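Novice: Take a look at the following structure, please.
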Amino acid sequence: MATGVLHRITGSLGRAKSTAQSAGQLVVLTRGLATSSSRNREDSWFKSLFVRKVDPRKDAHSNLLTKNEESNLYKIQFHNVKPECLDAYNKLCEDVLPSIHADKYYPCELVGTWNTWYGEQDQAVHLWRYRGGYPALTEVMNKLKQNQDFTAYRKERGKMLMSRRNQLLLEFSFWNEPVPREGPNIYELRSYQLRVSSTPEGLARAIGYRQHNREAVGGFFSQIGDLYMVHHLWAYKDLQSREDTRNGAWQQEGWDEVVYYTVPLIQHMDSRIMIPTKASPLQ
């Protein structure tokens with residue numbers, strides 16, 4: 001009798017252990033499915049920002065991000081000026097650059113010209129637009145070679161500079177085209193050096209969270225020069241309005257996710273606060 005009781009107890013314990021193991025496996029499986037589902041949602045959200053199916057025989061990546069129908073090409077110039085020459089440099093630019101901008105003989109437009117206020121000091125930044133893309137750029141450069149006033153300008157300018165560099169850019173299809181605006185404003189140029197395996201689309205889409213007061217001026221990505229570069233150009237009334245606008249973005253649903261997924265793509269970032277010169281269409 002004792003033996004029968006022992007067998008029944010042992011059997012019950014075995015069934016209980018088996019049930020517990022099954023329940024544990026079910027919990028692990030459920031947790032695994034939940035984790036997998038969460039990861040799938042994150043992957044799906046991430047891919048929706050940065051991944052598109054592209055047939056490499058038909059589409060260059062830049063063609064998917066830019067405004068193909070307009071074919072605008074931009075050139076941004078960074079001129080580091082000798083400190084004692086900055087006023088003379090600005091006056092020289094004011095005498096020459098607007099005349100090129102206004103002359104229909106040259107298929108280009110001066111979008112804006114600034115001095116850096118916070119950031120790299122004694123620096124001038126110029127942004128040009130070439131309607132018609134690379135052919136327009138080539139046409140302008142060939143015509144300027146024959147322009148004696150521009151040749152004299154470059155010669156005199158060279159005496160005032162410590163260094164200079166430029167980039168050729170395309171504009172994002174998600175952003176506004178830069179147009180002249182009245183001032184007074186300060187401008188922020190935020191430049192992002194992306195990791196080589198990254199694409200700039202997610203950074204471009206952030207514009208949707210920052211459009212309430214028309215702060216967004218333009219968004220660009222590099223084609224020639226420093227590659228894997230993204231530039232955002234913003235306009236603010238002053239530094240406090242910039243701070244208020246940036247803090248306000250965190251109150252919008254989805255902004256934290258944009259930041260979470262885009263920050264790992266950035267290798268380096270830089271911010272310049274700039275003041276427009278008298279010659280700038282963006283005031």
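Novice: Could you please find all residues in segment 160-175 being closer than 16 Å to Ser191 by Cβ and in contact with a helix residue (DSSP H, G or I) (Cβ under 7 Å, 6 or more places away or on another chain)?
Specialist: Once the filter is applied, which keeps residues that are closer than 16 Å to Ser191 by Cβ and in contact with a helix residue (DSSP H, G or I) (Cβ under 7 Å, 6 or more places away or on another chain), segment 160-175 yields Leu170, Phe172, Trp175.
Novice: Then there is this: Got a number for residues in segment 93-118 being out of contact with any Gly (no Cβ under 8 Å at 6 or more places or on another chain) and either open to solvent by less than 50 Å² (accessible area, probe 1.4 Å) or in a strand (DSSP E or B) (or both)?
Specialist: The number of residues fulfilling the criteria is 16.
Novice: Could you go through segment 68-78 and let me know if any residue there is open to solvent by 50 Å² or more (accessible area, probe 1.4 Å) and at pLDDT 95 or above.
Specialist: no
Novice: Go through segment 121-136 and give me each residue that's modelled with pLDDT of 95 or more and in a strand (DSSP E or B).
Specialist: Passing the criteria: Gln123, Ala124, Val125, His126, Leu127, Trp128, Arg129, Tyr130.
Novice: Are there any pairs with C-beta distances below 8 angstrom linking a residue in segment 146-170 that is open to solvent by 100 Å² or more (accessible area, probe 1.4 Å) to a residue that is of a type in the set (Val, Ile, Thr) and in a helix (DSSP H, G or I), with the two at least 6 apart or on different chains, and if so which?
Specialist: Asp149/Val96
Novice: What are the pairs, 6+ residues apart or on separate chains, where a residue within segment 95-107 that is in contact (Cβ under 8 Å) with a residue 60 or more places away in the chain has its Cβ under 6 Å from a residue that is open to solvent by less than 40 Å² (accessible area, probe 1.4 Å) and of a type in the set (A, V, I, L, M, F, W, C)?
Specialist: Leu97/Leu110; Leu97/Ala279; Pro98/Ala279; His101/Leu110
Novice: Which residues, counting only those in segment 79-91, are touching an Asp or Glu at 6+ places or on another chain (Cβ under 8 Å) and open to solvent by less than 30 Å² (accessible area, probe 1.4 Å)?
Specialist: Asn80, Val81 - these are the residues of segment 79-91 that are touching an Asp or Glu at 6+ places or on another chain (Cβ under 8 Å) and open to solvent by less than 30 Å² (accessible area, probe 1.4 Å).
Novice: Let me ask another. Quick check on segment 187-203: of everything there that is modelled with pLDDT of 75 or more and touching a helix residue (DSSP H, G or I) at 6+ places or on another chain (Cβ under 7 Å), which residue is surrounded by the fewest Cβ atoms within 10 Å (Cβ to Cβ)?
Specialist: Arg195
Novice: Could you check Ala206 against (1) at pLDDT below 95; (2) open to solvent by less than 20 Å² (accessible area, probe 1.4 Å); (3) under 23 Å from Pro107 (Cβ atoms) and say which number it fails?
Specialist: (3)
Novice: May I pose another question? Just checking, does segment 266-273 include any residue being assigned to a helix (DSSP H, G or I) and either hydrophobic (A, V, I, L, M, F, W, C) or modelled with pLDDT of 90 or more (or both)?
Specialist: no
Novice: Turning to a different aspect of this structure: Taking segment 119-145, which residues are farther than 20 Å from Glu94 by Cα and open to solvent by 70 Å² or more (accessible area, probe 1.4 Å)?
Specialist: Glu120, Arg131, Tyr134, Pro135, Thr138, Glu139, Asn142
The values are calculated or read from the model by the stated rules, or taken from the named source; none is laboratory data. This structure is a prediction, so every number in the text was calculated from the model and none was measured. No Cβ is skipped: glycine too gets one built from the backbone with ideal geometry, and neighbour counts run over all protein chains shown. For accessibility, only protein heavy atoms count, side chains too; no ligands or nucleic acids. Shrake-Rupley method; radii C 1.70, N 1.55, O 1.52, S 1.80 Å.
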